[in-house]
Structures are given as C-alpha cells and as structure tokens.
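Shown below is the structure under consideration.
The values are calculated or read from the model by the stated rules, or taken from the named source; none is laboratory data. Everything quoted here is computed from the prediction, not taken from an experiment. Backbone-built Cβ (ideal geometry, glycine too); neighbour counts: all protein chains shown.
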Amino acid sequence: MNNATQYAKALYQLGDRAKMPGLRAALRRRGHEKLLPRIYAEYQKLLLQEKRLEHHKRVTPKKERTRILLELYKKLTHV
C-alpha cells in the first residue's frame, strides 16, 4: 500500500472532519505535497466503492421474492 492510498483512507475515515488546508500543510511538512492528485484519485475510488456497495446491498422486492422462492425450493427438495 503506497502513501497516497494510506492518506486517502485516513481522509475517508475522518469524513467531514477532514480539513484540506491542514492536509496540504501536513503534506508540505513531510515533503509529500506532490502526492495530492493521487490522494484525491484514491479518495474518489473509496467514495465510488461506498456508493456501489450501498447500491448492491439494497434489498429490492425482486431480490426478496427470489430469496423466498429459493428458501421454499430448498425445503421442498430437501425432503
């Protein structure tokens, strides 16, 4: 895991508490200011991952119906 990924994960975990001016100053002190575009790209990936996960976890009526039918099928074939 590279530095940009680690910084992005830390920012993601901070959520709304993350302050960009403070981040820029911290990166400048450590000599990592050039990583800022890569950090942003990694942060965007994390946001997209969260959005996709939320979308796939959502239970729709079709998914629920399929789950119930599968349970009934398993009970009927198990006998």
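Specify which of the listed residues (Arg67, Arg58, Arg29) is surrounded by fewer than 10 Cβ atoms within 10 Å (Cβ to Cβ) and more than 24 Å from the chain's Cα centre (by Cα).
Details: Arg67 fails: surrounded by fewer than 10 Cβ atoms within 10 Å (Cβ to Cβ); Arg58 fails: more than 24 Å from the chain's Cα centre (by Cα).
So the residue among Arg67, Arg58, Arg29 that is surrounded by fewer than 10 Cβ atoms within 10 Å (Cβ to Cβ) and more than 24 Å from the chain's Cα centre (by Cα) is Arg29.
While we're looking at this one, here's another question. What about Met20, is it exposed (fewer than 12 other Cβ atoms within 10 Å of the Cβ), free of Cβ contacts under 8 Å to residues at least 24 places away in the same chain and under 19 Å from the mean Cα position of the chain (by Cα)?
no
Being in a helix (DSSP H, G or I), hydroxyl-bearing (Ser, Thr, Tyr) and modelled with pLDDT of 90 or more, is that true of even one residue in region 61-74?
Checked against the condition, which is being in a helix (DSSP H, G or I), hydroxyl-bearing (Ser, Thr, Tyr) and modelled with pLDDT of 90 or more, region 61-74 yields at least one hit.
For Leu48, indicate whether it is over 12 Å from the mean Cα position of the chain (by Cα), part of a helix (DSSP H, G or I), modelled with pLDDT of 90 or more and loosely packed, with under 11 Cβ neighbours inside 10 Å.
Values: over 12 Å from the mean Cα position of the chain (by Cα): no; part of a helix (DSSP H, G or I): yes; modelled with pLDDT of 90 or more: yes; loosely packed, with under 11 Cβ neighbours inside 10 Å: yes.
Considered against the rule, which asks whether it is over 12 Å from the mean Cα position of the chain (by Cα), part of a helix (DSSP H, G or I), modelled with pLDDT of 90 or more and loosely packed, with under 11 Cβ neighbours inside 10 Å, Leu48 comes out as no.
For residues that are outside any helix (DSSP H, G or I) and among the polar types (S, T, N, Q), tally how many sit in region 21-45.
Number of matching residues: 0.
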